[in-house]
Amino acid sequence: MIVCCVTDRKLCTDDFLTRMDKIASSVDAVILREKDLPEAEYQELARDVKRIVAKHPPCEFLTHTYSDGESSVRDTKIHVSFETIRDAQGSDLASLFYKEARVGVSVHSMKEAQLAEDYGAGYVIVGNVFETSCKPGVKPCGVKLVKKAVKALDIPVYAIGGITPENVKEVMDCYAQGVCVRSPLMTMPLEEIPKYVRALKSYERD
């Protein structure tokens, strides 16, 4: 089971890079999702976080929307919205990038999931599965969509949205590859992060 941290530095009340060092020592992957930053500022932060994550193998580092500005296309691990990869289909250069790089896509329906795979996604993140403070008022898709995606796609499926140690079993019983977590990892005391990640991984699949 993979546990991925999706970042939101604005939720942190302490030093973001110190928190990332603690998180990277506990999780399997980090997606730097700081969509409010202009590209140049994002890439500067990405390089800092990438170096931190590199100290904690086998944790993987993925950018969001932008590259880190220094990796080759074939070495790029990037996560994008469904709209981003969909709109790239009209551009030969963009389409080639998404075929060559290691790309993940956020999806919210089976149609999006299937199209993302067709467009060259290496994995999809399905959500939001449960109600979450990150998307107030947005109706959750539920575990049924996760289950359908796992059965229909030939690429890994991860789940996001309101996933906790108390409900993670519902997701993993759908045979998802893993889960993504944002708010808890951005806000809990640093010393609680390893225990929280272990709790996510301690489910027993039926």
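The values are calculated or read from the model by the stated rules, or taken from the named source; none is laboratory data. Being a predicted model, the structure only gives us computed values, none of them experimental. Every residue, glycine as well, gets a Cβ built from its backbone with ideal geometry; the counts of neighbours run over all protein chains shown. Quick note on the areas: whole protein, heavy atoms, side chains included, nothing else; ligands and nucleic acids left out. Shrake-Rupley method; radii C 1.70, N 1.55, O 1.52, S 1.80 Å.
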Residue list for the stretch 1-16, filter: in contact with a helix residue (DSSP H, G or I) (Cβ under 6 Å, 6 or more places away or on another chain) and closer than 16 Å to Phe61 by Cα: Val3, Cys5, Asp8, Arg9, Phe16
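Go through the stretch 34-56 residue by residue and tally those that are among the acidic types (Asp, Glu), open to solvent by 70 Å² or more (accessible area, probe 1.4 Å) and either touching a helix residue (DSSP H, G or I) at 6+ places or on another chain (Cβ under 8 Å) or outside any helix (DSSP H, G or I) (or both). Working first, answer last.
Here is the first cut: in the stretch 34-56, the ones among the acidic types (Asp, Glu) are 34, 36, 39, 41, 44, 48.
Applying the additional criterion that residues be open to solvent by 70 Å² or more (accessible area, probe 1.4 Å) yields 36, 39, 41, 44.
Add one more test, that the residue is either touching a helix residue (DSSP H, G or I) at 6+ places or on another chain (Cβ under 8 Å) or outside any helix (DSSP H, G or I) (or both), and what stays is 36.
Summing the residues that are among the acidic types (Asp, Glu), open to solvent by 70 Å² or more (accessible area, probe 1.4 Å) and either touching a helix residue (DSSP H, G or I) at 6+ places or on another chain (Cβ under 8 Å) or outside any helix (DSSP H, G or I) (or both) in the stretch 34-56 gives 1.
Test Val105 against the criterion of being hydrophobic (A, V, I, L, M, F, W, C), crowded, with 18+ Cβ neighbours inside 10 Å and either touching an Asp or Glu at 6+ places or on another chain (Cβ under 7 Å) or part of a helix (DSSP H, G or I) (or both), and give yes or no. Let's see the steps before the verdict.
Details: hydrophobic (A, V, I, L, M, F, W, C): yes; crowded, with 18+ Cβ neighbours inside 10 Å: yes; either touching an Asp or Glu at 6+ places or on another chain (Cβ under 7 Å) or part of a helix (DSSP H, G or I) (or both): no.
It is false that Val105 is hydrophobic (A, V, I, L, M, F, W, C), crowded, with 18+ Cβ neighbours inside 10 Å and either touching an Asp or Glu at 6+ places or on another chain (Cβ under 7 Å) or part of a helix (DSSP H, G or I) (or both).
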In the stretch 124-175, residue least open to solvent (accessible area, probe 1.4 Å) [restricted to those that are farther than 20 Å from Val30 by Cβ, not aliphatic (A, V, I, L, M) and not in a loop (DSSP other than H, G, I, E, B)]: Lys169
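Applying the selection to the stretch 176-188, what residues are surrounded by fewer than 16 Cβ atoms within 10 Å (Cβ to Cβ) and either touching an Asp or Glu at 6+ places or on another chain (Cβ under 9 Å) or in contact (Cβ under 8 Å) with a residue 40 or more places away in the chain (or both)?
Looking only at the stretch 176-188, we keep the residues that are surrounded by fewer than 16 Cβ atoms within 10 Å (Cβ to Cβ), and these are 183, 187-188.
Passing the criteria: Ser183, Thr187.
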